[in-house]
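Chemist: Following this message is one structure expressed as structure tokens.
The values are calculated or read from the model by the stated rules, or taken from the named source; none is laboratory data. Quick caveat, the model's predicted, so the values are computed rather than measured. Cβ sites come from the backbone with ideal geometry, for glycine too, and all protein chains shown count toward neighbours.
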Number of protein chains: 2
Amino acid sequence: MAGGEFALIAQLRSRLGTAGKGVRLGIGDDAAWLDPAGRQLVATMDTLVAGRHFFSDVRPYDLAWKALAVNLSDLAAMGAEARWCLLGLALPSRAAGYGAWLEDFMGGWRALAERHDVTLAGGDTVATDGPLTLSVTALGLVDRSVMRRDAARPGDRIWVTGSLGDAAAALDLALMERGREGHRVLCSAIQREALEARRLRPTPRLELGEAAASCGVRCALDCSDGFLADLGHILEASGVRAHVALDALPLSPELADLARTDSERLRRWPLTGGDDYELILCAPPSLSAALRQAAAARGLRLTAVGRILSADSGSSAAVILTWRDQVVPLPAVWGHVHAL
Amino acid sequence: MAGGEFALIAQLRSRLGTAGKGVRLGIGDDAAWLDPAGRQLVATMDTLVAGRHFFSDVRPYDLAWKALAVNLSDLAAMGAEARWCLLGLALPSRAAGYGAWLEDFMGGWRALAERHDVTLAGGDTVATDGPLTLSVTALGLVDRSVMRRDAARPGDRIWVTGSLGDAAAALDLALMERGREGHRVLCSAIQREALEARRLRPTPRLELGEAAASCGVRCALDCSDGFLADLGHILEASGVRAHVALDALPLSPELADLARTDSERLRRWPLTGGDDYELILCAPPSLSAALRQAAAARGLRLTAVGRILSADSGSSAAVILTWRDQVVPLPAVWGHVHAL
């Protein structure tokens, strides 16, 4: 991008790369110099491509929020404190240039980054002949152990933060609006707005992730591919099975209203819809009180939705799904449609 | 990429994500868990786009090498020990799939990664409708201070590792071969091969970077945009000027042969050609002996090519260029053609 690249970097540096916690040298040199202060490091990277992971006409503010959020959510699932990010931007040429675009993008980035005291410490900006592509690396810190997907044990309660399925319902609405495949959904403008906010600006559960790890929880995953798909990752990695109570899954008021009388939606949205970015936690019952308290202290909904079973107990299905204590069939597909 | 993504990740994990130094949990969870062992962190990210930063028909082996090398070179310029990487791959659909492609890609990655004991600790693999795009994040460790671009001081010697201009000459040859713009160059197949190896598989100067920082060198940059352009970054950040002896610039035997009698090439290739990935170091004369010894111990050429001047000394040009001690004009353009 030659001159254009340096101008964009200067803009990013002045707006986002201000001195942050543990940043000894930020944007502007060959690399960032960061101080983990004797702690352990947690590192993740997600790549998002226009037309694949987000609609090409997404507002830059929302795009920045989501690109950062999905990475912070990975840190949350490990129980880490988010600290620094690197941003790789591959930008197609654009008649209007990227001045106003970047201004709005940085607004969204800052809104979420400031909430969690995360500093943009570096990255790269290049031109592309293809769709807008972002790679974000997020770096966080932990003191002791991380939460991992292979640590679920028989007897563990399965917990879910927030609510499930909102992003999937909003995606159906967005696809319908664009005349694309999808399911017909009728709802009010207010409901639509609430669901759309959940799809566009997911909330990484960093505080609860950290608190859960401190409580001694050893197993977590963030729910990005759909609840069943992500729970499936835990079960496979841990070599266990699970019972999930469909009637216990936490729904937002909007989703409950739209899905209450529609069993197809009730199964599809919360069970298989992607991009919720809630945490799935597995923890022994002895930790239940501490977990509940940690969530309550943060004003966050936390719901017990099932239990981990040993691999050799009864049925051969990885998940036993029940409704009012009666076993019901699992959806054929467990995930995942990425919420564009 | 759904199923394909998981297959690729499994392949990357089994071939590249084996246990490495300080890797407590590698590929396969939400994020990697890494142990900096009480040291400071250095982090960098570079994004490469097919058709912009490399020819679309590049051998995957060479692409992997280069994508890793350019990032390790940034760590080298900070004086860091390279440790971990994250790899973001956006892959266009491909009739032949990515099985054999990835096999070759991983071969190139491993060849360089093993040389420096660098572990692939995570990343992301997605599909794209655009050109193949890679983002690599490299993480390294330092004990004390890093080398930075704003630390050049009047009186410092300017040093360059290896040789300059090979990648630029090889790019001219490659563009000529493809019938694209560029300069006509005649050389032997053996010369061509030597230059091409430098363009395709640059050598990050990690050992010397670390040794220089240990010697007390405080200012360095890697030479990726072209020697004059990168020296210019140092001068601007440090608020100083420089004298550079054109006749002192280190040339490979191949480049010397091709450029010896052609003053245009002699100025263009080593002065303004990009993608050399050598280090530019600025250090007080008191460190010269230690630096020379550090380079000799590693069998690496290290050449004094000039001196840092104070901002207010004489001429207004940022760089005074001489040939046999006579001032000669600077090139109009200082950089940088990315070596495709």
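Chemist: Restricting the search to the range B:44-62, which residues are in a helix (DSSP H, G or I) and either buried (at least 24 other Cβ atoms within 10 Å of the Cβ) or aromatic (Phe, Trp, Tyr) (or both)?
Modeler: First pass over the range B:44-62, keeping only residues in a helix (DSSP H, G or I): B:60-62.
Once the filter is applied, which keeps residues that are in a helix (DSSP H, G or I) and either buried (at least 24 other Cβ atoms within 10 Å of the Cβ) or aromatic (Phe, Trp, Tyr) (or both), the range B:44-62 yields only B:61.
Chemist: Filter the range B:26-77 down to residues that are more than 7 Å from chain A (Cβ to nearest Cβ) and closer than 30 Å to residue A:77 by Cβ, then give me how many there are.
Modeler: Summing the residues that are more than 7 Å from chain A (Cβ to nearest Cβ) and closer than 30 Å to residue A:77 by Cβ in the range B:26-77 gives 11.
Chemist: Here's a follow-up. Name the one entry in B:198, B:205 that is modelled with pLDDT of 95 or more, surrounded by 19 or more Cβ atoms within 10 Å (Cβ to Cβ), within 14 Å of chain A (Cβ to nearest Cβ) and closer than 27 Å to residue B:299 by Cβ.
Modeler: B:205
Chemist: Take the residues in the range B:215-228 that are modelled with pLDDT of 95 or more and within 10 Å of chain A (Cβ to nearest Cβ); name whichever of them is surrounded by the most Cβ atoms within 10 Å (Cβ to Cβ).
Modeler: By that ranking, first place goes to B:220.
Chemist: Of A:333, A:328, which residue is among the β-branched types (Val, Ile, Thr), out of contact with any strand residue (DSSP E or B) (no Cβ under 9 Å at 6 or more places or on another chain), in contact (Cβ under 8 Å) with a residue 60 or more places away in the chain and surrounded by fewer than 16 Cβ atoms within 10 Å (Cβ to Cβ)? Step through it out loud before you land on a result.
Modeler: Working: A:328 fails: out of contact with any strand residue (DSSP E or B) (no Cβ under 9 Å at 6 or more places or on another chain).
Residue meeting the stated conditions: A:333.
Chemist: Run residue A:164 past the list (1) outside the structural domain of residue A:219 (by TED's automatic domain parsing); (2) within 27 Å of residue A:236 (Cα to Cα) and report the number of the one that doesn't hold.
Modeler: (1) is the only condition that residue A:164 fails.
Chemist: Follow-up. Working only within the range B:292-313, note down all residues that are touching a strand residue (DSSP E or B) at 6+ places or on another chain (Cβ under 8 Å) and farther than 26 Å from residue B:205 by Cβ.
Modeler: Result: B:310, B:311, B:313.
Chemist: Provide a single number: the residues in the range B:266-281 that are buried (at least 24 other Cβ atoms within 10 Å of the Cβ) and small (Gly, Ala, Ser).
Modeler: Filtering the range B:266-281 down to residues buried (at least 24 other Cβ atoms within 10 Å of the Cβ) leaves B:269-271, B:273, B:275-281.
Imposing the further condition that a residue be small (Gly, Ala, Ser) reduces the set to B:273.
Here the count works out to 1.
Chemist: Sticking with this structure for a sec: Suppose the filter is within 23 Å of the chain's Cα centre (by Cα) and of a type in the set (Gly, Ala, Ser); does residue B:311 pass it? Give the derivation first.
Modeler: On the way: within 23 Å of the chain's Cα centre (by Cα): no; of a type in the set (Gly, Ala, Ser): yes.
Taking the combined requirement at face value, the residue does not satisfy it.
Chemist: Of all residues in the range A:65-84, count the ones that are in a helix (DSSP H, G or I) and in contact with a Leu (Cβ under 9 Å, 6 or more places away or on another chain).
Modeler: Kept after step one, since they are in a helix (DSSP H, G or I), are these residues of the range A:65-84: A:65-78.
Retained after the next criterion (residues that are in contact with a Leu (Cβ under 9 Å, 6 or more places away or on another chain)): A:65-70, A:72-73, A:75-78.
The total comes to 12.
Chemist: Hey, could you check the range A:72-106 for residues that are modelled with pLDDT of 95 or more and either small (Gly, Ala, Ser) or assigned by TED's automatic domain parsing to the domain that holds residue A:221 (or both) and say which is surrounded by the fewest Cβ atoms within 10 Å (Cβ to Cβ)?
Modeler: Of everything passing the filter in the range A:72-106, A:88 is surrounded by the fewest Cβ atoms within 10 Å (Cβ to Cβ).
Chemist: On the given criteria, is residue B:21 within 18 Å of the chain's Cα centre (by Cα) and not acidic (Asp, Glu)? Can you show your working first?
Modeler: Values: within 18 Å of the chain's Cα centre (by Cα): no; not acidic (Asp, Glu): yes.
Answer is no for this residue.
Chemist: Please determine whether any residue of the range B:51-67 is of a type in the set (Val, Ile, Thr), in contact with a Ser or Thr (Cβ under 7 Å, 6 or more places away or on another chain) and within 27 Å of residue B:171 (Cα to Cα). Write out each step before concluding.
Modeler: Filtering the range B:51-67 down to residues of a type in the set (Val, Ile, Thr) leaves B:58.
Narrowing further to those that are in contact with a Ser or Thr (Cβ under 7 Å, 6 or more places away or on another chain): none.
For the range B:51-67, residues of a type in the set (Val, Ile, Thr), in contact with a Ser or Thr (Cβ under 7 Å, 6 or more places away or on another chain) and within 27 Å of residue B:171 (Cα to Cα): absent.
Chemist: Does residue A:297 meet the test of being modelled with pLDDT under 95, loosely packed, with under 14 Cβ neighbours inside 10 Å and either in the same structural domain as residue A:50 (by TED's automatic domain parsing) or among the aliphatic types (A, V, I, L, M) (or both)?
Modeler: Working: modelled with pLDDT under 95: no; loosely packed, with under 14 Cβ neighbours inside 10 Å: yes; either in the same structural domain as residue A:50 (by TED's automatic domain parsing) or among the aliphatic types (A, V, I, L, M) (or both): yes.
When the stated conditions are applied, residue A:297 does not pass them.
Chemist: Those residues that are modelled with pLDDT of 90 or more and assigned to a loop (DSSP other than H, G, I, E, B), I need them from the range A:153-181; list them, please.
Modeler: Of everything in the range A:153-181, those that are modelled with pLDDT of 90 or more and assigned to a loop (DSSP other than H, G, I, E, B) turn out to be A:153, A:154, A:155, A:156, A:162, A:163, A:164, A:165.
Chemist: Let me ask something else about it. Consider residue B:156 carefully, then state whether it is in contact (Cβ under 8 Å) with a residue 40 or more places away in the chain, under 19 Å from residue B:209 (Cβ atoms), away from chain A (no Cβ under 14 Å) and over 21 Å from the mean Cα position of the chain (by Cα).
Modeler: Details: in contact (Cβ under 8 Å) with a residue 40 or more places away in the chain: yes; under 19 Å from residue B:209 (Cβ atoms): yes; away from chain A (no Cβ under 14 Å): yes; over 21 Å from the mean Cα position of the chain (by Cα): yes.
Considered against the rule, which asks whether it is in contact (Cβ under 8 Å) with a residue 40 or more places away in the chain, under 19 Å from residue B:209 (Cβ atoms), away from chain A (no Cβ under 14 Å) and over 21 Å from the mean Cα position of the chain (by Cα), residue B:156 comes out as yes.
Chemist: Can you pull out every residue in the range A:264-285 that is assigned to a loop (DSSP other than H, G, I, E, B) and more than 15 Å from residue A:162 (Cα to Cα)? I'd like the intermediate steps shown before the answer.
Modeler: Of the range A:264-285, the ones assigned to a loop (DSSP other than H, G, I, E, B) are A:273-277, A:284.
Scanning the range A:264-285 gives a single hit, A:284.
Chemist: Looking only at the range A:140-152, how many residues end up being in contact with a helix residue (DSSP H, G or I) (Cβ under 6 Å, 6 or more places away or on another chain) and in a loop (DSSP other than H, G, I, E, B)? Let's see the steps before the verdict.
Modeler: Here is the first cut: in the range A:140-152, the residues in contact with a helix residue (DSSP H, G or I) (Cβ under 6 Å, 6 or more places away or on another chain) are A:140, A:146-147, A:149-150, A:152.
Among the residues that remain, those that are also in a loop (DSSP other than H, G, I, E, B) are: A:146-147, A:149-150, A:152.
The qualifying residues number 5.
Chemist: Would you pick out the residues in the range A:63-83 that are out of contact with any strand residue (DSSP E or B) (no Cβ under 8 Å at 6 or more places or on another chain) and not small (Gly, Ala, Ser)?
Modeler: Within the range A:63-83, A:65 is the sole residue that qualifies.
Chemist: Scan the range B:78-91 residue by residue and report those that are under 21 Å from residue B:220 (Cβ atoms) and facing chain A (nearest Cβ under 8 Å).
Modeler: Across the range B:78-91, the qualifying residues are B:78, B:80.
Chemist: Hey, another quick one. Among the residues of the range A:55-79, write down those that are more than 16 Å from residue A:114 (Cα to Cα) and more than 14 Å from the chain's Cα centre (by Cα).
Modeler: A:55, A:56, A:57, A:58, A:59, A:60
Chemist: Say we look at the range B:112-131 and pick out the residues that are crowded, with 20+ Cβ neighbours inside 10 Å and more than 9 Å from chain A (Cβ to nearest Cβ); which of these is farthest from residue B:283 (Cα to Cα)?
Modeler: B:120
Chemist: Can we say residue B:241 is charged (D, E, K, R) and under 21 Å from residue B:304 (Cβ atoms)?
Modeler: Values: charged (D, E, K, R): yes; under 21 Å from residue B:304 (Cβ atoms): yes.
Considered against the rule, which asks whether it is charged (D, E, K, R) and under 21 Å from residue B:304 (Cβ atoms), residue B:241 comes out as yes.
Chemist: Now for a separate question. Just name the residue that is farthest from the chain's Cα centre (by Cα) out of those in the range A:85-135 that are of a type in the set (D, E, K, R) and in a helix (DSSP H, G or I). Walk me through it before giving the result.
Modeler: Narrowing the range A:85-135 to residues of a type in the set (D, E, K, R): A:94, A:103-104, A:110, A:114-115, A:117, A:124, A:129.
From what is left, the residues that are in a helix (DSSP H, G or I) are A:103-104, A:110, A:114-115.
Details: A:103: 24, A:104: 22, A:110: 17, A:114: 18, A:115: 16 Å.
By that ranking, first place goes to A:103.
Chemist: Follow-up. Of these, B:172, B:247, B:166, which one is crowded, with 19+ Cβ neighbours inside 10 Å, more than 14 Å from every other protein chain (Cβ to nearest Cβ) and in contact with a Lys or Arg (Cβ under 7 Å, 6 or more places away or on another chain)? Full working, then the answer.
Modeler: Working: B:172 fails: in contact with a Lys or Arg (Cβ under 7 Å, 6 or more places away or on another chain); B:247 fails: crowded, with 19+ Cβ neighbours inside 10 Å.
Of B:172, B:247, B:166, the one residue that is crowded, with 19+ Cβ neighbours inside 10 Å, more than 14 Å from every other protein chain (Cβ to nearest Cβ) and in contact with a Lys or Arg (Cβ under 7 Å, 6 or more places away or on another chain) is B:166.
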